[in-house]
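Engineer: My structure is below; once you've seen it, I'll send some questions.
Quick note: the coordinates plus some simple rules give every number you see, no bench work behind them. Owing to the predicted nature of the structure, the values given are computational and were not obtained by experimental measurement. FYI the Cβ positions are ideal-geometry reconstructions off the backbone, even for glycines, and counts take in every protein chain you see.
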Amino acid sequence: MNKYRLSQRLNQMAKWLDQDVSIADIGTDHGYLPYCLFEQKKISHAILCDINQGPLENAKNTFKSSDYVKSAEFRLGSGIEPIEDGEVDYVIIAGMGGTLIKKILSKDIKKTKSFKGFFLQPQTEQDVLRHWLLENQFQIISDFYAFEDQKYYEALYVLPQNVNLNPIGVLSVIPSGQSAFKVYEISNDLEFGYKVHPDSLETYRAYLEYKAHKYKMILSKLSGRNNPKAMSCQFKLQQIEQLLRHLKKV
């Protein structure tokens, strides 16, 4: 029986993985994610990386005396530096800010594009990360939204541009007969996503309403509609209203 439980957003990443693939978990902390992926028989090999020795030792303790310890490697280092080009199929980076994830992926773009794909869960600055991904010819296949611990989370499934949409090792992330909500056809503001997974549309709708409330509150405290910050808030609210109108049709 699995002694660890994944959050909804991380469990969604697990669902997107097929069996017998290899992963690298960047910033692994306690190593719960790769441990659970072994439990679910999703992966055959994992490289757990962290920039600090303490979290890496925690991860080693998680795997200690388990059946998976021989299939796991623990490497000290920053970002994807401890991994060789193409050494794993998929790279998972969760629990960091979008700017930091961008920095990790951009440090060695050739290495970054040597992997089949990525599962990214930016905690903040999601728009910064999406801009960088699109500018550097990555495919954002799906954005998944979850609400946990009184907070909204976003998980991105990303492929390099030269990888087929359904490579070996990844299940079709969009259920048959359904389609993603294509935010990019309605709004070019990447704060509000790019291609929303159909299974998270209800959460996404609530997320947009939360964002609208946030920008209305900011706007109410600003003096002068020509204030640049006020104009920015008004633009954000217009984008949200357009997205909510289109969601009613889904």
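Engineer: Can you tell me what the convex hull of the Cα atoms of the chain projects to on average, as an area in nm²?
Structural biologist: Quarter of the Cα hull surface area: 14.6 nm².
Engineer: Write down the percent of antiparallel bridges among all DSSP beta bridges whose residues are both part of the range 101-210, to the nearest 5. Walk me through the numbers on the way to the answer.
Structural biologist: Numbers: 15 of 16 bridges.
Roughly 95 percent of the beta bridges in the range 101-210 run antiparallel, per DSSP.
Engineer: Between helix 126-135 and the chain, what is the angle of the helix's C-alpha long axis to the longest principal axis, kept within 0 to 90° and rounded to the nearest 10?
Structural biologist: It is inclined by approximately 80 degrees.
Engineer: Quick check: from the Cα gyration tensor, does the range 169-223 come out rounded (a/c under 1.5), prolate or oblate?
Structural biologist: On the way: a/c = 3.54, a/b = 2.58, b/c = 1.37.
It comes out prolate by the Cα gyration axes.
Engineer: If you split all Cα-Cα distances of the range 1-97 into 10 Å bins from zero, what percentages do you get per bin, shortest first?
Structural biologist: Percent of Cα pairs in each bin: 17, 55, 28, 1.
Engineer: Sticking with this one: May I ask you to derive the relative contact order of the chain, considering only C-alpha pairs under 8 Å and at least 6 residues apart, and to give it as an integer percent?
Structural biologist: Details: 439 pairs, mean separation 37.2, N = 250.
About 15 percent, as a whole number.
Engineer: Also: Ignoring everything except DSSP H segments at least 4 long, calculate the 222 nm mean residue ellipticity for the chain; use -39,500 (n - 2.57) per segment, divide by total residues, nearest 500. All intermediate terms of the calculation are to be shown ahead of the outcome.
Structural biologist: Details: 8 runs with 91 residues, N = 250.
Counting only the DSSP helices, I get -11000 deg cm²/dmol.
Engineer: Under a 5 Å amide H to amide H cut-off, with H placed in plane at 1.01 Å, what residues pair with Ile141 once short-range neighbours are removed?
Structural biologist: HN-HN under 5 Å from Ile141: Tyr157, Val158, Leu159.
Engineer: Now a separate question. Against the empirical 2.2 N^0.38 Å scaling, what ratio does the C-alpha Rg of the range 113-159 come to? Don't skip to the answer; put the middle values down first.
Structural biologist: Values: Rg = 11.3 Å, N = 47, 2.2 N^0.38 = 9.5 Å.
Here the Cα radius of gyration is 1.19 times the empirical estimate.
Engineer: When DSSP beta bridges are limited to those with both residues in the chain, what percentage is antiparallel, rounded to the nearest 5?
Structural biologist: Details: 16 of 38 bridges.
Once the DSSP bridges in the chain are tallied, antiparallel ones form about 40 percent.
Engineer: For the pair Thr124 and Asp67, what calculated FRET efficiency results from E = 1/(1 + (r/R0)^6), where r is the Cβ-Cβ distance and R0 = 41 Å, to the nearest 0.05? Let's see the in-between values first.
Structural biologist: Values: r = 36 Å, r/R0 = 0.89.
Computed FRET efficiency for Asp67 and Thr124 comes out at 0.65.
Engineer: Could you size up the charge dipole of the chain around its Cα centre, putting +1 on the beta carbon of Lys and Arg and -1 on that of Asp and Glu, and report it in debye to the nearest 20?
Structural biologist: Working: 32 positive and 29 negative charges, 179 e Å.
Dipole about the Cα centre, nearest 20: 860 debye.
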